[in-house]
Every structure is written in structure tokens, then in C-alpha cells.
Amino acid sequence: MAGRVVVVFDFDKTILDCDSDNWVLDELGVNHLFTQLLPSMPWNSLMDRMMMELHSRGKTTEDIAHCLKQAPFHPRIISAFKSAHSAGCDLKILSDANVFFIETILKHHGLLDCFSEIITNPSLVDNEGRLGILPYHDFKSCSHNCNICLPNMCKGLVMEKIMKISCESSKGKKKRFIYVGDGSADFCGGLKLVEGDILMARNKFPVWDLIISSNPLSIKAHIHAWNDGEELGIGLVNLINTIFIQDNCSCEPGNADFKSQTTSLSHDSSFSIDDMVNS
Ligand SMILES: [Mg+2]
Ligand SMILES: [Zn+2]
């Protein structure tokens, strides 16, 4: 069932409580080389270079996958995904990580089927077993001209596409978008939301700093802050439940279960940007 509520998630430091790139580089012992080379190369190209380095040091894609499966993932987020998916929400990932990292982690936690789409940098494993990482946007041939995002992906541009396609498929019925993220590029994605949508921004992270320093009229969505996986999981379930009640769509399959799961959750973690600014 195409969801009336579309939830778009960043991956690193949002779904995962760390950056998956840094996690792999750290765990497999090439972080020092990465830090040395970072001033001279774009992040995405350097990650591809580091995968080549790991291959030359005898590390296999199985070693990388084993390492990814250990990355910190809050159980409250896992249960929130399952609840939202079974309630009929359309869940998507929009991330500057890569297909191999994200799919490995989601499969490990039994969550891959919860997502209708994973929009991220492509990855491939060549004949010699080396993992390669490519840019989502080919910035060597042309620039996306966004000065908030990294050259290989503008999340605002992708959000525009997601919103356009989702709205075309809903035959005139208004879709409600929730965007969840922590980074600067997530601010760019959040700028595309309209009134009635929700931006779930991680408190004290770059997305939050940009919200505070930007023109208050630039974000049209309601802003909901969260601090950690516990607050994100509870907040997401509560917000979706509120939308269902507002839209009076309790007849949708799965909603009864969804509500019974959410009634015991506290609403205390939900606070607005006004609370933050005034505190
Ligand atoms: Mg992130
Ligand atoms: Zn952008």
C-alpha cells in the first residue's frame, strides 16, 4: 500500500548512532591514512580509495560486513521502523553513505523490507572482490550548484524529486512528509518541506545549528528536536500517530496495532523549536 505518510531518513548519526564510514575505517585500522588524505580529496572519492587500501591489505568484503554489523543501532529505532512500516507508512533512506554499507546493516537487523527506497551512493564489488564506491551525483561532469551539500549529493534536489513522484502517485491526496536527519545536507533536504510536514532534526548537530542561524521563514515544516535513538524512536511513533489522528485515517490496515503500541509511550520527548530557542 502506498503510504499517505512518507518518512525520509538520513542514515549516519541518525538511524545509526555513528558514521558508518568512520566506523569501518576505525575498526579496520585505516583511519590515520584517511585523515591524512582528506584535505586533498572529496570524501566520497576518498572512501573509494580507502576501500582499495583495505583490499590491498587483505581485508575482504566479509570483513567489512562483519564490522558494519557491530555498528551501534538503538533498539527503539528498530521497533519504530517496524511499527511505522506495518502501519502503512512509506519509509525511505536518503544518505551519503553507500548501498553496500546500508543494505548490510539493515539486512542484519531484519529491516531491509521496511524501506521502499534507498537513495545513496552506488557501490559494486569487482571480480577481485574489491568494494568500490561511486558518487550518487557525477560531480566531475557537472556541479549540482548547492553550497550546503557535498559535491556528490544534494539532498534538497533529491527531496524535490521524491516529493514530486510521491505526489503524482497519490492522485491528488496530500502526502505528509517527515524528514529525519542530523547533518548540514539534511537542512538542505528539510528546506523542501512544506506546511504540514515535519522536520525531525537532531539537537546540537549541524542541522540544528543551521536551523537556529537561518531565516526563521526558510523552514516551513514543523520542527521536532531529538537527542538520541530513544527519543527518535519514541518521537517518530508519536508524530505518525498524531498525523493519523489528524487525518482521521484510522481505517487504514495496521493502524489499530500501531495505536495500541503507541499509547504507552510518553509524549514528553516532543518539544518544538520555540522551547529550544527560549530555554
Ligand atoms: Mg547523518
Ligand atoms: Zn543541497
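Taking the criterion of being out of contact with any strand residue (DSSP E or B) (no Cβ under 6 Å at 6 or more places or on another chain) and within 16 Å of ligand 1 (Cβ to nearest atom), the residues of the stretch 137-154 that qualify are Ile148, Cys149, Leu150, Asn152, Cys154.
Residues that are among the β-branched types (Val, Ile, Thr), under 24 Å from Val237 (Cβ atoms) and out of contact with any helix residue (DSSP H, G or I) (no Cβ under 7 Å at 6 or more places or on another chain) do not occur anywhere in the stretch 118-133. The set of residues in the stretch 114-124 being exposed (fewer than 15 other Cβ atoms within 10 Å of the Cβ), touching a strand residue (DSSP E or B) at 6+ places or on another chain (Cβ under 6 Å) and either within 13 Å of Ser95 (Cα to Cα) or β-branched (Val, Ile, Thr) (or both) consists of Glu117 alone.
When you go through (1) buried (at least 17 other Cβ atoms within 10 Å of the Cβ); (2) more than 16 Å from ligand 2 (Cβ to nearest atom); (3) modelled with pLDDT of 95 or more one by one for Arg4, which number turns out not to apply? So the condition that Arg4 fails would be (3).
Table: residues versus (1) surrounded by 23 or more Cβ atoms within 10 Å (Cβ to Cβ); (2) touching a residue at least 12 places away in the same chain (Cβ under 8 Å); (3) among the β-branched types (Val, Ile, Thr).
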site	(1), (2), (3)
Pro135	no, yes, no
Ile148	no, yes, yes
Val158	yes, yes, yes
Lys161	no, no, no
Phe187	yes, yes, no
Leu199	yes, yes, no
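Considering only residues that are out of contact with any helix residue (DSSP H, G or I) (no Cβ under 9 Å at 6 or more places or on another chain) and of a type outside the set (Asp, Glu), which ones fall in the stretch 219-252? The answer is Lys220, Asn227, Leu239, Thr242, Ile243, Gln246, Asn248, Cys251.
Give the residue, chosen from Leu199, Leu193, Leu157, Leu150, that is under 23 Å from Phe115 (Cα atoms), under 16 Å from the mean Cα position of the chain (by Cα) and within 11 Å of ligand 2 (Cβ to nearest atom). Going through Leu199, Leu193, Leu157, Leu150 in turn, the sole match is Leu157. Note on the stretch 155-186: among residues that are in a loop (DSSP other than H, G, I, E, B), modelled with pLDDT under 95 and not polar (S, T, N, Q), the one that is nearest to ligand 1 (Cβ to nearest atom) is Lys175.
For the stretch 116-136, a residue qualifies if it is closer than 26 Å to Lys175 by Cα and away from ligand 1 (no atom under 16 Å from the Cβ), and the qualifying residues are Ser116, Glu117. Checked against the criterion of being among the basic types (Lys, Arg), touching a helix residue (DSSP H, G or I) at 6+ places or on another chain (Cβ under 9 Å) and away from ligand 2 (no atom under 16 Å from the Cβ), the candidates Arg76, Arg57 yield just one match: Arg76. Every test in (1) hydrophobic (A, V, I, L, M, F, W, C); (2) part of a helix (DSSP H, G or I); (3) at pLDDT below 95 is passed by Cys249 save one, and that test is (2).
Meeting the requirement of 3 or more residues that are farther than 30 Å from Val30 by Cα and of a type in the set (Gly, Ala, Ser), the helices (runs of 4 or more DSSP H) wholly within the stretch 56-112 are 75-86. Candidates Ile211, Ile219: the one that is among the β-branched types (Val, Ile, Thr), assigned to a helix (DSSP H, G or I), within 16 Å of ligand 2 (Cβ to nearest atom) and at pLDDT 95 or above is Ile211.
The values are calculated or read from the model by the stated rules, or taken from the named source; none is laboratory data. Please read all numbers here as calculations on a predicted model, not as lab measurements. Virtual Cβ from ideal backbone geometry, glycine too; neighbours counted across all protein chains shown.
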